[in-house]
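This report concerns only the one structure given below.
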Amino acid sequence: EVFNYIELREELEELGYQFRTHGDTEVVLAAYIHWGSECVNRFNGMWSFAVYDKTNGTLFCSRDRFGIKPFVYAIHNNCFIFASEAKAILAVFPELRKPNYNTISYCVRQSLAAGLETTCFEGILRLLPSHNLTVTADGIEKNVYWDYPKTVDPSIDHQQAEEEIARLL
């Protein structure tokens, strides 16, 4: 769900791209073709997707900034497999149905798991929020494409900050 896909579509049309559908999926693909992995920096919304780039033999995967859309993966028997939930991976590789007791313990104690790379199953991992993952013949590369802004503008007061948030919303 890329909320600004209409604006991106218009920008891509100006660059010569033509579209057959009216949804965001085709815009995501065209954005990847045009901007490569940098396309996710232009997206506003929530997503989890993978694009196979046949020209260079890579699989590019991305998860939205806050991890709203799930993305889990495993490397097993020299195979990279991904899904939106672990049970889809377990349907293909049931032998991965081994509990990860450290993660289970953490989830029970802390009541959260979304920020963990590990899942409740050994060998099944979670792509973290704001991360891209690229699979090549040489292996896997993960990188963070966004982080929470850490700067504070000391030149504005609380009232001005409230007004700016209201304006932006």
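The values are calculated or read from the model by the stated rules, or taken from the named source; none is laboratory data. Not measured: the values here are computed from a predicted model. In this analysis, Cβ positions are derived from the backbone assuming ideal geometry, glycine residues included, and neighbour counts consider all displayed protein chains. For the accessible areas, the whole protein counts, side chains as well, though only heavy atoms, and no ligand, DNA or RNA atoms are used. Shrake-Rupley method; radii C 1.70, N 1.55, O 1.52, S 1.80 Å.
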Reachable lysines from K54, criterion Cα separation under 20 angstrom, eight or more residues apart if same chain: K142
Rounded, prolate or oblate for segment 104-169? Axes are the square roots of the Cα gyration tensor eigenvalues, ordered a ≥ b ≥ c, and the cut-off for rounded is a/c under 1.5. oblate
Accessible area (Å², per residue) of the chain, counting only protein heavy atoms and a probe of 1.4 Å: 65
The answer for the longest stretch of the chain without any exposed trypsin sites (Lys or Arg not before Pro) (DSSP loop, at most 13 further Cβ atoms within 10 Å) is 55-149
Dipole magnitude of segment 1-63, debye to nearest 20 (Cβ charges: Lys/Arg +1, Asp/Glu -1, about Cα centre): 280
Counting only protein heavy atoms and leaving out ligands, DNA and RNA, the solvent-accessible surface of H131 at a 1.4 Å probe, in Å² to the nearest 10, equals 30
Listed by chain and number, the residues whose amide H is under 5 Å from that of E122, excluding neighbours fewer than 5 places away on the same chain and using placed H, are K98, N100
Heavy atoms only, 1.4 Å probe, whole protein assembly: order S111, S62, S84 by accessible area, highest first. S111, S84, S62
Sticking with the crude label model, points 7 Å out along Cα→Cβ, report the distance from V108 to Q159 in nm, one decimal please. 5.3
Counting pairs of alpha carbon atoms under 8 Å apart in space and at least six apart in sequence, what relative contact order in percent does the chain give? 18
Based on the alpha-carbon gyration tensor of the chain and its eigenvalue square roots a ≥ b ≥ c, which shape applies: rounded if a/c is under 1.5, prolate if not and a/b is larger than b/c, or oblate? oblate
Accessible surface of T119 in the full protein assembly, 1.4 angstrom probe, to the nearest 10 Å²? 10
Segment 53-113: relative contact order from alpha carbon pairs under 8 Å, six or more residues apart, as a whole percent, is 16
Given charges of +1 on the Cβ of Lys and Arg and -1 on the Cβ of Asp and Glu, with all other atoms neutral, how large is the dipole of the chain about its Cα centre, in debye to the nearest 20? 940
Sequence of D53, D64, D147, D138 from largest to smallest accessible area, 1.4 Å probe: D138, D147, D53, D64
What is the P(r) of segment 4-68, as percent of Cα-Cα pairs per 10 Å bin from 0? 20, 54, 25, 1
Cα-based reach from K98 at 19 Å (exclusive), listing aspartates and glutamates while leaving out same-chain residues under 8 positions away: E85, E117, E122
Suppose R0 equals 22 Å. What FRET efficiency, 1/(1 + (r/R0)^6) with r the Cβ-Cβ distance, do A137 and V92 give to the nearest 0.05? 0.55
Which ³J(HN,Hα) values, rounded to whole Hz and listed in residue order, are derived for segment 39-52 from phi using the Karplus coefficients 6.51, -1.76 and 1.60 in 6.51 cos²θ - 1.76 cosθ + 1.60 with θ = phi - 60°, glycine and proline given as x? 4, 5, 5, 9, 7, 10, x, 9, 7, 7, 8, 9, 10, 8
Which value at 222 nm does the chain reach when only helices count, each DSSP H run of 4 or more adding -39,500 (n - 2.57), with the total divided by all residues and rounded to the nearest 500 deg cm²/dmol? -8500 deg cm²/dmol
